[in-house]
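Colleague: First the structure, then my questions, so here it is.
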Amino acid sequence: MLSTEPDTICDRFVSPTLAKFSSYNEVLSGLISNRPQSVEENEIRHLNDRGKELLRKGEFIITYEALVWCLESLGVSYITTKKPDPLALHFTEQLMHRYEVDKQLAETYKRDTFKPSERQCYNKKEFELFSLVLLMAYFVTEDIRFLNTLLNLQFSLEEARALCLRIVGIL
Amino acid sequence: MKIPGLLFLATSHNVSKAYLSAMHDLGMQPERTLYIEFKPEPDNNPVTKVISFGNKAIQFARGGFHHSVIPKSDIVDRKSDEMEIFQRVISAAFQRGLPVEDYFTSTREILKKYNIPYESIQVPSLNDERFIEFVSKSPQTVALYVDGGILRRPILSTHIKFIHVHPGHVPDVRGTSCLLWGALVHNRIGASCFFMNDGIDKGDVLMTKEYEIPVISIPHRYMSDAYAETRYIALQDYLDPCYRADVIRTLLKKEPDPAKWCAQPQDLSAGRTYYHPHKILRDKMANRFFKGEQ
């Protein structure tokens, strides 16, 4: 599940997690300057404020930290290099893959939700933050799969979902 | 002409019917055909038996993946407008020269029509021990797969090589619902025939083809959201099989002897794997195939 593989990545990259929060302004700038045409600047700004809020009040578990790292890496590297960080993208894809596989397993077995043992690594905050990660990953890569996962995500951040729906509407 | 060494794993799926049409177009038929019924609990005696041509088709006339899960009463009461959409899709495929079969006839009936003898078996999946045993004893060397889930290592470890036609151009588009994903992401569609391995759509490739997205005219009222599900089913159940069958037909036309087929490994680092599209995206993708008549 989500919490196992990120361990080593977190060890390597996420030690100063909270200290990185200032970089959100940079992330925000990058997103605004590269947004899809129909996405308004204040929407992204609001979304990022909500993201910061989520992060600040988060109870940090390993998965959560990994998501923070992922979110920041995507944005920051995009601003500084104009290219997505391959490792961050890879990690995001891993998260997405696991989520989709879990979801399809649940569908296969005709379950609406995951078993408690499967859910232990997914809490509402993680879902919400994951939805931000997915949205940003889409901005960086224009890979539609990130939006698809966001649409399928349970407990996604409401604003991220709304923005996702608008983007899908203009595809 | 019998295709040497080919075991055809027929099911009720429309893809089976389209493959039969493709082979018939070329005056060919499989060396051996096994009709597979997927049942959670197989009969007490799963041993295969040869079915004579006079055997009644027990399958309801509308075969097909989606239809198999629709209650029978709903099928009987199928609205004529849904049928009209399906027929438009089938006609569009026919007009483009793709192999088209009578999808409203059962696979068994089509086998009978083409004078193809077949055996039958009931198994929960192709990974079932009984199926593995059957395959292991089969003298054929290549099996044409239609459906039955992901093949696990034991069945892949027999002497038989399984071939599958995937409705996407590999390596670009792997995974699920790839007819639709290809249309959205690459603005074109494709199909690929490969030997199956334990990866998802990652086997060595025998043939790939790409196509323009067909634009299928339907009465304007059928473009409404009320028919979104029907449009999607029409593509998945009636158009997708035609493209897959076209690849099989092209492959067989080029080289009718499977023993002489030459496969090329895929670039496994390339391409993307796609998952089930959310309904919003799914409908958006499906709409690329249709236009409403004024």
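Colleague: What number of residues in region B:1-28 are farther than 23 Å from B:L235 by Cβ and in contact (Cβ under 8 Å) with a residue 40 or more places away in the chain?
Modeller: Residues flagged as farther than 23 Å from B:L235 by Cβ and in contact (Cβ under 8 Å) with a residue 40 or more places away in the chain within region B:1-28 amount to 12.
Colleague: Pick from B:R108, B:R96, B:R130: which is touching a helix residue (DSSP H, G or I) at 6+ places or on another chain (Cβ under 9 Å) and touching a residue at least 60 places away in the same chain (Cβ under 8 Å)?
Modeller: B:R96
Colleague: Looking only at region B:89-108, how many residues end up being within 19 Å of the chain's Cα centre (by Cα), outside any loop (DSSP other than H, G, I, E, B) and either buried (at least 23 other Cβ atoms within 10 Å of the Cβ) or of a type outside the set (F, W, Y) (or both)?
Modeller: Total meeting the criteria: 7.
Colleague: Looking at (1) modelled with pLDDT of 95 or more; (2) more than 18 Å from the chain's Cα centre (by Cα); (3) part of a helix (DSSP H, G or I), can you tell me which one B:E82 breaks?
Modeller: Only one criterion in (1) modelled with pLDDT of 95 or more; (2) more than 18 Å from the chain's Cα centre (by Cα); (3) part of a helix (DSSP H, G or I) is unmet by B:E82, namely (1).
Colleague: Further question: Among B:C178, B:C193, which is the only one that is closer than 21 Å to A:N148 by Cα and either of a type in the set (A, V, I, L, M, F, W, C) or touching a Ser or Thr at 6+ places or on another chain (Cβ under 7 Å) (or both)?
Modeller: When all the criteria are applied, what remains is B:C178.
Colleague: In addition: Determine which member of the set B:Y211, B:Y222, B:Y238 is under 23 Å from A:R145 (Cα atoms) and hydroxyl-bearing (S, T, Y).
Modeller: So the residue among B:Y211, B:Y222, B:Y238 that is under 23 Å from A:R145 (Cα atoms) and hydroxyl-bearing (S, T, Y) is B:Y211.
Colleague: Tally up the residues in region A:124-164 that are within 12 Å of the chain's Cα centre (by Cα), modelled with pLDDT of 85 or more and within 10 Å of another protein chain (Cβ to nearest Cβ), please.
Modeller: So the answer is 3.
Colleague: Checking B:Y275 against (1) away from chain A (no Cβ under 14 Å); (2) under 20 Å from B:C178 (Cβ atoms): exactly one of these is not met. Which one?
Modeller: Going through the list (1) away from chain A (no Cβ under 14 Å); (2) under 20 Å from B:C178 (Cβ atoms), B:Y275 breaks only (1).
Colleague: Moving on to the next point. Has region B:215-230 got any residue that is at pLDDT below 95, out of contact with any His (no Cβ under 8 Å at 6 or more places or on another chain) and on the phi > 0 side of the Ramachandran plot?
Modeller: The answer is no, given that none of the residues of region B:215-230 is at pLDDT below 95, out of contact with any His (no Cβ under 8 Å at 6 or more places or on another chain) and on the phi > 0 side of the Ramachandran plot.
Colleague: (1) crowded, with 18+ Cβ neighbours inside 10 Å; (2) more than 14 Å from every other protein chain (Cβ to nearest Cβ); (3) at pLDDT below 95: which one isn't true of B:N197, the others all being true?
Modeller: Condition (1) is where B:N197 drops out.
Colleague: Still on this structure, I have one more. Inside region A:152-166, can you point out the residues that are of a type in the set (A, V, I, L, M, F, W, C) and surrounded by fewer than 20 Cβ atoms within 10 Å (Cβ to Cβ)?
Modeller: A:F155, A:A162, A:L165
Colleague: Another question about this same structure. Check off (1) away from chain A (no Cβ under 14 Å); (2) surrounded by 20 or more Cβ atoms within 10 Å (Cβ to Cβ); (3) without any contact (Cβ under 8 Å) to a residue 40 or more places away in the chain for B:R188 and give me the number that stays unchecked.
Modeller: (2)
Colleague: Would you confirm whether or not region B:279-286 contains a residue that is touching a strand residue (DSSP E or B) at 6+ places or on another chain (Cβ under 6 Å) and in contact (Cβ under 8 Å) with a residue 24 or more places away in the chain?
Modeller: Scanning region B:279-286 turns up no residue that is touching a strand residue (DSSP E or B) at 6+ places or on another chain (Cβ under 6 Å) and in contact (Cβ under 8 Å) with a residue 24 or more places away in the chain.
Colleague: Could you tell me whether B:Y238 is crowded, with 22+ Cβ neighbours inside 10 Å and either more than 14 Å from chain A (Cβ to nearest Cβ) or more than 29 Å from B:H159 (Cα to Cα) (or both)?
Modeller: Considered against the rule, which asks whether it is crowded, with 22+ Cβ neighbours inside 10 Å and either more than 14 Å from chain A (Cβ to nearest Cβ) or more than 29 Å from B:H159 (Cα to Cα) (or both), B:Y238 comes out as yes.
Colleague: Another question about this same structure. Looking only at residues that are under 17 Å from B:G199 (Cα atoms) and touching a Gly at 6+ places or on another chain (Cβ under 6 Å) in region B:125-171, which one is surrounded by the most Cβ atoms within 10 Å (Cβ to Cβ)?
Modeller: Filtering first and then ranking leaves B:G168.
The values are calculated or read from the model by the stated rules, or taken from the named source; none is laboratory data. If you're wondering where the values come from, they're calculated on a predicted model, not measured in any experiment. Counting neighbours? That spans all protein chains shown, and the Cβs are built from the backbone with ideal geometry, glycine included.
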